[in-house]
Amino acid sequence: MRRLRVIGIGPGGPDQLTVEAVAALNEVDVFVVPVKDRGVDDLVAVREEICRRHVTGAHRIVEVPDPPRDRSPADYEATVSAWHEARAVAVETVLAGLGADQVAGLLVWGDPSLYDSHLRIVERILARGVLSFPYDVVPGVSSVQLLAARHRIVLHRVGEPVTITTGRRLLGTVEGGADNLVVMLDGDLTCRRLSGDWEVWWGANLGTAAEVLVHGPLRDVLPRIEELRARAKAERGWVMDTYLLRRCPSG
């Protein structure tokens, strides 16, 4: 394999790619796409649609079964590390079968720098010592950016920070004093466990035809968010949501 390109493709909409990302797509001969075993996986179809719309030359897509993992493990970090290793082996197997003149591509939802494992997996492959190849990273529009654009907001208040965290870390981060937070990877909607008064800007499946948005006082709009989230997951088999939480002055 001549080269690997790790390309951020945005939150899911074919129009969310940057000009640089489109140029990178057109240098790729083989796209390596993970497939999750959950019955419905139109995330693969979205990647295929992105290639149909933006790639003009000959290319092929190789699907790689994504190794399963425990979503509620006793040892979270060890479980994730083992999952990364299994993914590295699976991707390595595909890359090892490519020709010396071929360019491979990994298509990353959002931006590769933000709560994504692709770069760690690439480094694991190189550390294993079976393959050696150069690679580069093309940034993409993140769901955080698109959330702010859709709600027409600035993520932080004047002169103040914004904290980006996960649902798993939300309660501890709030206890530590954070009161303006972007929350990602929150399958349990941990925000329902918060006390005090909060305002929320929520978005799911951003950039796709199934995009939904909700904004308002958390206590008031939480039932609506729960309803829309459940409906999206039932219809598509998956849901990707992100939200901004801001403590109200009296909360």
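Counting the residues of region 23-52 that are at pLDDT 95 or above and among the charged types (D, E, K, R) gives 2.
Can you find a residue that is on the phi < 0 side of the Ramachandran plot, open to solvent by less than 70 Å² (accessible area, probe 1.4 Å) and out of contact with any helix residue (DSSP H, G or I) (no Cβ under 9 Å at 6 or more places or on another chain) anywhere in region 133-142? Give the steps one after another, and end with the answer.
At the first step, the residues of region 133-142 found to be on the phi < 0 side of the Ramachandran plot are 133-142.
After this cut, where a residue has to be open to solvent by less than 70 Å² (accessible area, probe 1.4 Å) as well, the list is 133, 136-142.
Right, trim to out of contact with any helix residue (DSSP H, G or I) (no Cβ under 9 Å at 6 or more places or on another chain) and you get 142.
The answer is yes, given that some residue of region 133-142 is on the phi < 0 side of the Ramachandran plot, open to solvent by less than 70 Å² (accessible area, probe 1.4 Å) and out of contact with any helix residue (DSSP H, G or I) (no Cβ under 9 Å at 6 or more places or on another chain).
Filtering region 229-249 to residues that are surrounded by fewer than 18 Cβ atoms within 10 Å (Cβ to Cβ) and either in contact with a strand residue (DSSP E or B) (Cβ under 8 Å, 6 or more places away or on another chain) or without any contact (Cβ under 8 Å) to a residue 40 or more places away in the chain (or both) leaves 230, 231, 233, 234, 235, 247, 248, 249. Scanning region 212-227 for residues that are open to solvent by 20 Å² or more (accessible area, probe 1.4 Å) and either in contact (Cβ under 8 Å) with a residue 24 or more places away in the chain or of a type in the set (Phe, Trp, Tyr) (or both) returns 213, 215, 217, 222, 226.
Within region 50-104, being open to solvent by less than 50 Å² (accessible area, probe 1.4 Å), part of a helix (DSSP H, G or I) and over 22 Å from residue 123 (Cβ atoms) holds for 50, 51, 54.
Only residues that are farther than 30 Å from residue 214 by Cβ, touching a strand residue (DSSP E or B) at 6+ places or on another chain (Cβ under 9 Å) and in a helix (DSSP H, G or I) were counted in region 126-167, giving 1.
In region 115-132, the qualifying residues are those that are open to solvent by less than 20 Å² (accessible area, probe 1.4 Å) and of a type in the set (Val, Ile, Thr), and the one that is farthest from the chain's Cα centre (by Cα) is 125.
With respect to residue 174, determine if the residue is buried (at least 19 other Cβ atoms within 10 Å of the Cβ), touching a residue at least 12 places away in the same chain (Cβ under 8 Å) and in contact with a helix residue (DSSP H, G or I) (Cβ under 8 Å, 6 or more places away or on another chain).
Details: buried (at least 19 other Cβ atoms within 10 Å of the Cβ): yes; touching a residue at least 12 places away in the same chain (Cβ under 8 Å): yes; in contact with a helix residue (DSSP H, G or I) (Cβ under 8 Å, 6 or more places away or on another chain): no.
So residue 174 does not fit the description; no.
Checked against (1) modelled with pLDDT of 95 or more; (2) farther than 24 Å from residue 141 by Cα; (3) open to solvent by 10 Å² or more (accessible area, probe 1.4 Å), residue 188 passes all but condition (1).
When region 197-251 is examined, which residues are found to be hydroxyl-bearing (Ser, Thr, Tyr), part of a loop (DSSP other than H, G, I, E, B) and under 17 Å from the mean Cα position of the chain (by Cα)? Don't jump to the end; show me each part of the working.
The initial filter retains those residues of region 197-251 that are hydroxyl-bearing (Ser, Thr, Tyr), namely 208, 242-243, 250.
From what's left, part of a loop (DSSP other than H, G, I, E, B): 208, 250.
Of everything in region 197-251, just one residue is hydroxyl-bearing (Ser, Thr, Tyr), part of a loop (DSSP other than H, G, I, E, B) and under 17 Å from the mean Cα position of the chain (by Cα), namely 208.
Checked against (1) touching a strand residue (DSSP E or B) at 6+ places or on another chain (Cβ under 7 Å); (2) over 14 Å from residue 108 (Cα atoms); (3) loosely packed, with under 14 Cβ neighbours inside 10 Å, residue 30 passes all but a single condition, namely (3).
The values are calculated or read from the model by the stated rules, or taken from the named source; none is laboratory data. None of the values given here were measured: they were computed from a predicted structure. Neighbour counts are summed over all protein chains in view; Cβ atoms, including those assigned to glycine, are modelled from backbone coordinates with ideal geometry. What goes into the accessible areas is simple: the full protein's heavy atoms, side chains included, and nothing from ligands, DNA or RNA. Shrake-Rupley method; radii C 1.70, N 1.55, O 1.52, S 1.80 Å.
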